[in-house]
Structure formats: structure tokens, C-alpha cells
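No value in this document is a laboratory result; all are computed from the given coordinates. Fair warning: this is a prediction, and the values are worked out from it, not measured in the lab. Here the Cβ is made from the backbone with ideal geometry for all residues, glycine too, and neighbour counts use every protein chain on show.
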Amino acid sequence: MTKRIVTILLSFLPLIIQANNSMLSIGVRGGGQTYLPTAAVGATGEVKPVIGGAGALDLRYSFYGDISNSFELGFGLGVGFGYGMTALKGTSTDTYSNTDYLGNQMDYTVTSKFKQLDKFAKIDLALLCAMRFGGVTLNIGPRLMMPISATRSFIIHEANIDAYYPTYNVHVVNQLITGKLDNSQCTMHNSQCAIPKYTLLMCAEIGYEWSLNNTNAIGVQAFADIAVWSSSITYPLSSDPLIQVAPITNAANPVPKVEVGSIEAFVSNQRYVGFGVRAYYAFSMGPAYSKKKYFRSGRDTYYHRNRYYR
């Protein structure tokens, strides 16, 4: 395996020796991102992704070698500093039984609609195979994403706590004596955000470059990222419902305690997906060639016009 890797690396040496263009670019990336959730076994709720916005400063070094007059192949090393948000929304339905201080059975049906919003800053490192066909650019390769700061908000948009007394055939809905969600419990903020510390993405970028004075360039690319591996997250091993109403045990104060849990118990895995547009300005770092342009339109007209003057 090691010998094969060395052979592959050596095959790139002619490109490095004959390379006529090294570029340093500064740009921005903007678009959307989200996590695609996988429901946990036995989950009583439904969770769906919501696309959030994302932006990043993108710095990159690109190195190209000639394959033909219109095709260049090389690699790109990039680093990004970004900030954005993702969200999950869904519904939950839980059924369980409690008793009051008189021993009466209370069958609960609790439904809710919720949204979980994560905001985080991140650093990403990329190693891409870089190709140019005239002005068309194509980059493919891995990108390592590392969140460095994250916050989470959890919002319950709607909750119904239905306590049914089978002995009396009576339903009591959203009443303090049988359980009612307080307004302060409908919006919660938590600095602990359970997202992977390391995520390996497969990245693809395609776009076009316009040359400026045959040396520098401006470019625009569409990009897409999808996670192929993420570091593990320890999810709470709890079967508690999202909204838990405690039994009524105190006759002097017959108000049950209501607690709000987490939707992480509903989700067994989250796959990151990002997409958007990258715009950049590139500075040439190579020597200024007099007979060869850095950026070709796909046809080398200079050599054609001057082939008799060599």
C-alpha cells in the first residue's frame, strides 16, 4: 500500500516541475447548511431538517501544471473561517400513565411541535484536486470541518397535555392541576451543543475564472459539501418523553411538575450537508511568461499565429 502511494505521488512530479502557475486567492463562501437526521430506534417523534444560512472567509493556494494547451491539473490547499446556523423541527407524541394523590389513574397524551436551532463558528481545512479547462474550473476533494463555538436554542411552538381519568371518563387539557407547560419552558437556551467536533466532508466546486492582465483573475464557483464521516456524539440514553409530567403526590399542593427534555434521544445520527457559491480574487505567484498565458480560452492562438517566427 505504501509503495502504491509513493508511486502516485511521484507521478505528480512532472506536473510540479513543468507547472507554470501558482495562485493565492481570497474569497467568500455563502449559502445554506443543515444536518440530515436519522431517527433513533423506538423514537416517538418525527424530526426534519431546516436549512440555515452560512458564510465563510476562504483563503486558498492553488498549484497547476500543464497537461495540454487547454487543460491544467494540480491541487489546492484551503482554509476557511465561517459562521452559520442549522435547525431541526418536528413533532412528538408521548403516552404514559400517572396517578394522583388519591390513587386515581391518569392516562396522559402529550403532543408538541418544536424547533431546535444551532449556531456555530467553524474552521475548515481543504485538500482539493484542482483542474482548469480554459476558464472552467473544477475542484474535488476532502474538507475537514471543526466547529469552535456553538450555542443552541430550543423552542416549543405548541404543546397539549391531555390527562384522561378513565374512572370518570373525563379529559383535562392544559390545566395547572393536571400539568401545563409554563411559558418560560417554551424557549430554552443551552450553551452545550451536541454536534460533532470533527466532520470529514467530500467537497465539489465548479465554476469559471476570468483573467485580469493574464496574471490575476476573478472567479465564481458553485460548491456542495456532504459529510462522509463524523466524530461520535454521546447522546443521552433516556427513554423519557420530551414533555414529562410527574405524578401528583402532594395533597397540599396538587400541582404536578412538568419537565422538558431533549430531542437528541430521537436522533441516532446527523449528516452534515452544505451548498452555496464561492466568489474569489486570485493573485498569480508564478513567473511572468512572455509566450504563454496563465488563463486560456481553450485555444492557443498565440502559437498558431507565430509558428513561423520561432
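Residue by residue, what Karplus-based ³J(HN,Hα) values in Hz, rounded to whole numbers, does the range 261-276 have, using 6.51, -1.76 and 1.60 with θ = phi - 60° and x for Gly and Pro?
Working through the residues one at a time gives x, 9, 7, 5, 5, 8, 10, 9, 7, 9, 10, 6, 9, x, 7, x Hz.
Long-range amide H contacts for Leu36: which residues qualify at under 5 Å (H placed 1.01 Å from N, peptide plane, sequence gap of 5 or more or a different chain)?
Answer set, sorted by chain and number: Arg271, Tyr272, Val273.
Pairs Lys115/Lys180; Lys122/Lys257; Lys197/Lys257: which exceed 30 Å Cα-Cα?
Lys122/Lys257; Lys197/Lys257
Could you give me the ³J(HN,Hα) list for the range 21-29, computed from phi with Karplus coefficients 6.51, -1.76, 1.60 and θ = phi - 60°, whole Hz, x at Gly and Pro?
The phi angles translate into 7, 10, 10, 10, 10, 10, x, 10, 10 Hz.
So which chymotrypsin sites (Phe, Trp or Tyr not before Pro) in the range 146-246 are both in a DSSP loop and have at most 15 other Cβ atoms within 10 Å of their Cβ?
Tyr168, Tyr198
Only sites in a loop by DSSP and with at most 13 other Cβ atoms within 10 Å count here; which trypsin sites (Lys or Arg not before Pro) in the range 35-128 make the cut? If you can, show how the numbers build up before the last one.
Numbers: sites: Arg60, Lys89, Lys113, Lys115, Lys119, Lys122; in loops: none.
When the trypsin sites (Lys or Arg not before Pro) of the range 35-128 are filtered for loop state and at most 13 Cβ neighbours within 10 Å, nothing remains.
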